[in-house]
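These notes concern the structure reproduced below.
The values are calculated or read from the model by the stated rules, or taken from the named source; none is laboratory data. From a predicted model like this one, the values you see are computed outputs, not experimental measurements. Here the Cβ positions follow ideal geometry from the backbone for every residue, glycine too, while neighbour counts run over all protein chains shown.
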Amino acid sequence: MAQLGMSYEWTMYYGANRETKKRARELRKRMTKAEALLWKQLRDKKVSGFKFRRQHPIEFYIVDFYCHELQLVIEIDGSGHQEDDQKTWDLNRKAEMDSFGIKELRFTNEQVIHQMPIVLKTIEEKCSEIKAKQNLFKKSGV
């Protein structure tokens, strides 16, 4: 989680600059169909009581959904994620997220649109798994 001396701003946005935050606000206004459908299910702490943010800036990336309490990113991939350049971008971004201790779940547009119950079950299971690990660390004093 957050290290000593790190501000809320840093731990929430991992150094995202003003321009990245502005772009995130713009993206919130024009979500894809799959993003809008999943947001309906995630908003207002509907998944296991965890707060998710949409189009959240982290460093110079903007993730589709982010739960700060769990340090969990959820990404929805369209067909463009099959392109070589996009695959490289996604791998680099995953490496950055890993360096911050942020976990990631990825789904395709088709999964979100056509298999929402499975997507939600996967998200709920991941949330429970992360929370259980956090509680274990608290108990052991780590």
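Quick notes on this structure:
- The single condition from (1) surrounded by 14 or more Cβ atoms within 10 Å (Cβ to Cβ); (2) in contact (Cβ under 8 Å) with a residue 60 or more places away in the chain; (3) part of a loop (DSSP other than H, G, I, E, B) that Leu38 fails is (3).
- Failed criterion for Phe52 (all others in (1) closer than 19 Å to Arg28 by Cα; (2) in contact (Cβ under 8 Å) with a residue 60 or more places away in the chain; (3) of a type in the set (Phe, Trp, Tyr) hold): (2)
- Every pair of residues 6+ apart whose Cβ atoms lie under 8 Å, when the first sits in segment 71-93 and is modelled with pLDDT under 75 and among the hydroxyl-bearing types (Ser, Thr, Tyr) while the second is surrounded by 15 or more Cβ atoms within 10 Å (Cβ to Cβ) and not in a loop (DSSP other than H, G, I, E, B): Ser79/Asn109
- Members of segment 94-127 found to be part of a helix (DSSP H, G or I) and either among the β-branched types (Val, Ile, Thr) or under 16 Å from Gly78 (Cβ atoms) (or both), listed by number: Asn109, Glu110, Gln111, Val112, Ile113, His114, Ile118, Val119, Thr122, Ile123
- Residue match in segment 26-34 (condition: under 14 Å from the mean Cα position of the chain (by Cα), under 16 Å from Gln111 (Cβ atoms), surrounded by 14 or more Cβ atoms within 10 Å (Cβ to Cβ) and in contact (Cβ under 8 Å) with a residue 24 or more places away in the chain): no
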